[in-house]
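As structure tokens, the structure follows; a few thoughts come after it.
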Amino acid sequence: MRTLVRFLLAAMIMLLAAAPAFSQEPPCSNLVINGSFEEDGGWHREKTPKPASFTTDKALDGSRSMLLGNLDPSTDVLAFSSIWQDITVPPDAASVTLSFHYLLVSSGPQVFDEAKFVLLNPADGSTLAVPWREKLDTAGEWRSVQIDLTTLTRGKTLRFYFGVVNDGNGRPTAMYIDDVRLLVCTVSHAPTPT
């Protein structure tokens with residue numbers, strides 16, 4: 001019996017040694033804090049006439065999401081509603097992908113109202129890029145967004161800002177957002193097999 005076990009062990013070692021090396025995917029991590037909105041922390045909320053709020057009204061996953069904007073036409077005013085996090089993306093990032101789900105609710109055709117994702121300079125608040133914006137109601141359905149931000153973010157600290165703006169025309173816009181992730185994959189520093 002021992003001879004058989006030794007033979008099988010030796011055969012497995014020879015097989016593994018002869019097998020071609022498989023490339024490993026670079027290590028990846030999500031840099032967003034509380035992207036599920038199940039906790040109270042992680043996000044800064046601007047103090048405005050219609051501030052963003054955690055809500056249990058609608059959620060894609062879990063029991064909560066974030067509500068930005070205004071759902072009530074009787075209280076529609078010119079207002080921004082926003083959340084943000086400052087995130088540092090490592091300089092060795094091979095890929096940086098933002099993903100999130102949103103449900104946009106709009107009370108009619110919009111000219112000025114919109115939902116958007118913006119990259120800001122955290123030092124002075126200036127706009128660096130607006131990679132996503134939307135005006136169209138999603139008819140009660142959650143939509144998924146994925147944005148490659150590698151070239152815009154590698155090696156930088158940026159403010160990741162989600163916002164809804166309402167113009168106060170009596171036809172408000174609101175957005176539920178959930179499952180926000182910033183998946184950053186770094187270049188593997190593992191030795192290359194010879």
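Values in this text are rule-based calculations from the coordinates and carry no lab data. If you're wondering where the values come from, they're calculated on a predicted model, not measured in any experiment. Heads up, the Cβs are rebuilt from the backbone with ideal geometry, glycines too, and the neighbour counts pull from every protein chain shown.
General remarks:
- Whole-Å distance, taken between Cα centres, linking the range 166-182 and the range 22-82: 10 Å
- Global form of the range 112-194, assessed from the alpha-carbon gyration tensor, a/c cut-off 1.5: oblate
- Once both labels are positioned 7 Å from their Cα atoms along Cα-to-Cβ, the gap between SER95 and VAL130 label points is 2.8 nm.
- Ordering of 170-180, 154-164 by packing [mean C-beta count within 10 Å, highest first]: 170-180, 154-164
- Between ARG45 and ALA123, the simple spin-label model (points 7 angstrom out along Cα→Cβ) gives 3.1 nm.
- Pairs of Cα atoms nearer than 8 Å and 6+ residues apart set the relative contact order; for the range 100-194 it is 43 percent.
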